[in-house]
Each structure stands twice: as C-alpha cells, then as structure tokens.
Amino acid sequence: MQAHVNGITITYNDRGTGLPLVFLHAFPLNRSMWAQQEDALFSQFRIITIDLRGHGESDAPLWRYTLEQSADDVCALLDRLSIQQAIFTGLSMGGYILFAFYRKYATRVKGLILADTKAQADTAEGKEGRFQMAQTAYKKGPSAIADIMLPKLLSPTTIQTNPDLARHVRAMIEGNQISGIPGDLMAMAERPDSVPLLNQITCPTQIIVGELDQATPPSDAKLMADHIPNARLTIIPHAAHLSNLEQPERFNQIVAALASELRKPTDQDTT
Ligand code: MLT
C-alpha cells in the first residue's frame, strides 16, 4: 500500500484489526524484515510495517535526511490511517527514530519496544565511520554496503547455517536506492543523545537485545533499562543484531506478551 505524505510516497503494509502495532526497521533494510512478525501477529493485532523514507519501495529523495523527518513521516502515515495510538517496535535505527518520535508525539505511544538499539549519540569515531561508509556507498554502490553490514547484523553461526536469511538481508540492502544510504548515515550521525530522554518515558516499555549483538550490545540495552522507569529487559540467546530475524519465535512471544497486556476489550473494534 502507498500513501503520499510530507512530499514523498511511503510504502507500507497494513494487516489485521485491533490494537495497532507499528514496526520500524533497521538501517539499511526495509519493511520485509518484519515479515515473520506480521505473519505471526496479524490474526490478533493490526500490524503496520513501513518502508522508511530512503528505503525499499518508499521514495528516497536526494535531499537532507533526519530521524525527526522519519518520525514525522510515521506520524503523518498514522494520521492518514486514523490511528491515534499504537505500540511501536523499532530495531536499531528504528529505535533511534522512536526516540525522535517520542520527543514530538509521546501521546501517540501506548507502548514501546526498543530492540537492538541504543540511546547514546554517535562518538566522534562513529561519525567518521558513517562518513567513510557514505563515501563507499557513493563510489561502490549498495552491494559494498551489504559486504560491510552483513557481519554486523547477523551472527557468524547464522551466516553459516542460514544462508537463506543471509541472502534475504543482502537483498534488502542491495534493493535500496543509493540516495537513501548516505541520507540515513548523515541522519544517524546527527542524532542527539537520547539518554536524557529515557527517564521521561512513561509508557510501558520492553527492551530486547540479542545476546551476541555487537553493534548495540546488551550493555546498551541495560543502560536503557536502568533509566526508563519500569522498563523490562529481555536478552535473546543465539541472536545478534537482527534478533527478530534470527530468533523470530522468541521475539514474537515478547511482542505479543506486551501487546496482549495493553490490549483492552475495546481494542478489538477500534484503532
Ligand atoms: C542499524 O541496524 O540500524 C544500524 O546498525 C544502526 C547504526 O548504524 O547505528
């Protein structure tokens, strides 16, 4: 499905009825990373997965990208779908966007699931790495980015034993238009420190991290859990950065548990 918001076309899936669950993907992937969550959960909830600006089948304008702009796109899409409140799941960059979303639109957030993400801003070294990766994307194209990113996203065991998954992740990366990749990298490099926001998050929050995640390790997840009032933390064994793809059943159970708790009888009929 497609919607025209904030001057661009955004592509999304909208399946099921009841309490809306909105899923925001990682860099540099697309909404298909949530296929197993969508398939498992749409019979109980309304599942919205979105190709963020610069990704998949959404427009990737050759212009300035910010995480706040992506948050605005999500909010505009929800307005279009007449969704007032939802439970939001964001993995990695999707989590960074959720911090931006919460800053502006906290009343729209019924619950938060922060997966394999972190609250801290980039270090100077991290920003330099973003710059280098943007140059690689420009000079060599998305497949060079896939070569760099795959070992950061999946555990060595997953890459060895689940080649179909590794191929799927590579295809998502290679399917991006080149303009979106440096756009994201600049947006992430410029994102503010969200640690001061954490103790202002008042909605029910679940934090998830793969035990083998090296990009945003369990120590980053613990920091969020320590600062967000009453947040729960679950560490998923045998998963690295893309915990929803490496251990989908466990991931789905955790999402379904929070969503079931927050669902009221009236959510069966309303959005
Ligand atoms: C992601 O998975 O979205 C990225 O690893 C986030 C990042 O590069 O900070």
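The values are calculated or read from the model by the stated rules, or taken from the named source; none is laboratory data. Small disclaimer: the values here were computed from a predicted structure and weren't measured. Positions of Cβ are backbone-derived with ideal geometry, glycine not excepted, and every protein chain shown enters the neighbour counts. Please note that ligands, DNA and RNA were not included when accessible areas were found on the heavy atoms of the full protein model with its side chains. Shrake-Rupley method; radii C 1.70, N 1.55, O 1.52, S 1.80 Å.
Applying the criterion of at least 2 residues that are in contact with a strand residue (DSSP E or B) (Cβ under 7 Å, 6 or more places away or on another chain) to the helices (runs of 4 or more DSSP H) found wholly in region 125-233 leaves 218-227. Of all residues in region 18-58, those satisfying the criterion of being surrounded by fewer than 17 Cβ atoms within 10 Å (Cβ to Cβ) and either under 15 Å from the mean Cα position of the chain (by Cα) or of a type in the set (S, T, N, Q) (or both) are 35, 36, 43. Residue 203 satisfies every condition listed in (1) buried (at least 18 other Cβ atoms within 10 Å of the Cβ); (2) within 16 Å of the ligand (Cβ to nearest atom) except (2). Residue check: is residue 68 within 16 Å of the chain's Cα centre (by Cα) and open to solvent by 40 Å² or more (accessible area, probe 1.4 Å)? Taking the combined requirement at face value, the residue satisfies it. Within region 181-208, residues that are more than 30 Å from residue 249 (Cβ to Cβ) have Cβ atoms under 6 Å from residues that are open to solvent by 60 Å² or more (accessible area, probe 1.4 Å) in these pairs: 189/127; 199/227, counting only partners at least 6 apart in sequence or on another chain.
Looking only at residues of region 54-95 that are under 17 Å from residue 11 (Cα atoms) and among the acidic types (Asp, Glu), we find that the one that is farthest from the ligand (Cβ to nearest atom) is 79.
Within region 93-106, can one find any residue that is within 18 Å of the chain's Cα centre (by Cα) and outside any helix (DSSP H, G or I)?
no
Taking the listed residues 235, 178, the one that is open to solvent by 60 Å² or more (accessible area, probe 1.4 Å) and under 28 Å from residue 140 (Cβ atoms) is 178, with no other qualifying. When residue 259 is tested against (1) within 24 Å of residue 20 (Cβ to Cβ); (2) away from the ligand (no atom under 16 Å from the Cβ); (3) open to solvent by 10 Å² or more (accessible area, probe 1.4 Å), just one condition goes unmet, and that condition is (3). Beta carbons closer than 6 Å, at least 6 apart along the sequence or on distinct chains, pair a first residue in region 102-120 that is away from the ligand (no atom under 16 Å from the Cβ) with a second that is open to solvent by 40 Å² or more (accessible area, probe 1.4 Å) for 108/85; 110/85; 111/204.
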